1. What order, most packed first, do the peptides 97-108, 138-149 have when packing is the mean number of other Cβ atoms within 10 Å of each residue?
2. Can you give me the % of accessible surface on the chain that is carbon or sulfur? Probe 1.4 Å, all protein chains present, nothing else counted.
3. What 222 nm value per residue comes from the helices of the chain, counting each DSSP H run with n ≥ 4 as -39,500 (n - 2.57) and dividing by all residues, nearest 500 deg cm²/dmol?
4. Can you give me the relative contact order of the chain as a percent, contacts being Cα pairs under 8 Å and 6 or more apart?
5. Please give the helix 122-152 orientation as an angle from the longest Cα principal axis of the chain, in degrees from 0 to 90, rounded to the nearest 10.
6. So I have (i) 37, 13, 12; (ii) 26, 19, 14; (iii) 21, 18, 16, and one of them is semi-axes √(5λ) of the Cα gyration tensor in Å calculated from this model. Which one is it?
7. Would you mind checking the tilt of helix 81-98 against the longest principal axis of the Cα atoms of the chain, expressed as 0 to 90 degrees and rounded to 10?
8. Provide, in order from the shortest bin, the percent of all Cα-Cα pairs of segment 82-161 in each 5 Å bin, continuing until the bin that contains the maximum pair distance.
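The values are calculated or read from the model by the stated rules, or taken from the named source; none is laboratory data. It should be emphasised that the depicted structure is a prediction, and the values quoted were computed from it without experimental measurement. Here Cβ is always computed from backbone atoms with ideal geometry, including for glycine, and neighbour counts include all displayed protein chains. The area values use the complete protein model at the heavy-atom level, side chains included, leaving out ligands, DNA and RNA. Shrake-Rupley method; radii C 1.70, N 1.55, O 1.52, S 1.80 Å.
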Amino acid sequence: MVLYLTAFASLLLSALSLGPSFAHVLEAPPRLTVWSPELWREATVFNGQFALFAKVGAPLDVASILIAFLLTYLLANERPAFWFALGGAVLLAAGLGAWFTIVAPANALLATWKPGPIPPDFAAVRLRWEAGHMTVAAAKLIGFVSICVAVLAPRLPAGTN
């Protein structure tokens, strides 16, 4: 029952973590090709559109990683499920790592922007922010799929072919 509940929690939390990241991917094409710089800056920086992404999304990201590693531990003696669970947990962690290395520095720059003229580095910051979110979403999506496979994979004792 512990394995079943952990698998369920891992699927649920990783899906909930993926949701906001996938939303960023769906928003990206018009934000990069249609929106004016003024609209992008206004929607992204000044009006708190993404406040809940941090308040709700960040705890979901951490919880999804922790529960995926717990699932991996519980599947330690079952192959190939263990390897898929481990891959999923690592990919979820990589998604968070990508957020810290790509998106967070862009967020730090966005936090310095003030109303008025568009900053000269606008295009580079916008591209980093959008591409960073797409990178995060890709890692989370592949991680989620890997966890799905781990949960659905046949379970054989370690060392069995």
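1. 138-149, 97-108
2. Heavy-atom surface of the chain belonging to carbon and sulfur, 1.4 Å probe: 76 percent.
3. That comes out to -24000 deg cm²/dmol.
4. 37
5. Tilt of helix 122-152: around 10 degrees.
6. (i)
7. 20
8. Each 5 Å bin holds this share of Cα pairs: 3, 15, 18, 15, 12, 10, 8, 7, 5, 3, 2, 1, 1, 0.
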